[in-house]
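Right, one structure below, let's go through it.
No value in this document is a laboratory result; all are computed from the given coordinates. These numbers were taken from a predicted model, which means no experiment stands behind them. Cβ coordinates were reconstructed from backbone atoms using ideal geometry, including for glycine residues, and neighbour counts include every protein chain displayed.
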Amino acid sequence: MSEQFDLGALLEQAQAMQSQLQEAQEAAAQQVVEGKAGGGVVKVRANGSLAIESVSIDPSAVDLDDLTLLEDLVLAATNDALTRAQDLTRSALGGIDLGGAAGLLGQ
């Protein structure tokens, strides 16, 4: 057997990948995206860590006789913001060089 499995090199590559992953997650967590609903009358801001940072509701969206509509708009804007934040994180992680491990992950 002329080639030996280099466990040290594999461990070093795994540590480098872990470091890249952590850096990408931290960078994504610092970014903020905005989800909107109702043509922008309800806006929700979320960061890359999927934490909601703020909710903004235009007074024209408030109808005391139809609070269900406002609740639906807040829910839709929140889901939009979280989807955008997930896309942001996915995009940030997409730039990570997986090296030889890419085949193991089906990439």
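Placing unit charges on the Cβ atoms of the charged side chains and taking the dipole of the chain about its Cα centre, the candidate lying farthest along the positive direction among Ser56, Thr68, Ala29 is Ala29.
Taken about its Cα centre, the chain carries a charge dipole of roughly 140 debye when the Cβ of each Lys and Arg holds +1 and the Cβ of each Asp and Glu holds -1.
For region 33-96, the relative contact order comes to 40 percent (Cα pairs under 8 Å, sequence separation of at least 6).
Against the main long axis of the alpha-carbon atoms of the chain, helix 7-30 sits at an angle near 20°. Nearest 10 degrees is fine. How inclined is helix 67-94 to the longest principal axis of the chain, computing both from alpha carbons? Tilt relative to the chain: about 20 degrees. Measuring nothing but how far apart in sequence close Cα pairs (under 8 Å, 6+ apart) lie, relative to its length, the chain scores a relative contact order of 29 percent. A value for percent of Cα pairs over 22 Å apart was derived from the coordinates, and within the list (1) 51; (2) 43; (3) 24 it appears as (1).
The helix-only estimate of mean residue ellipticity at 222 nm for the chain, built from DSSP H runs of length n ≥ 4 each weighted as -39500 (n - 2.57), is -17500 deg cm²/dmol after division by the residue total.
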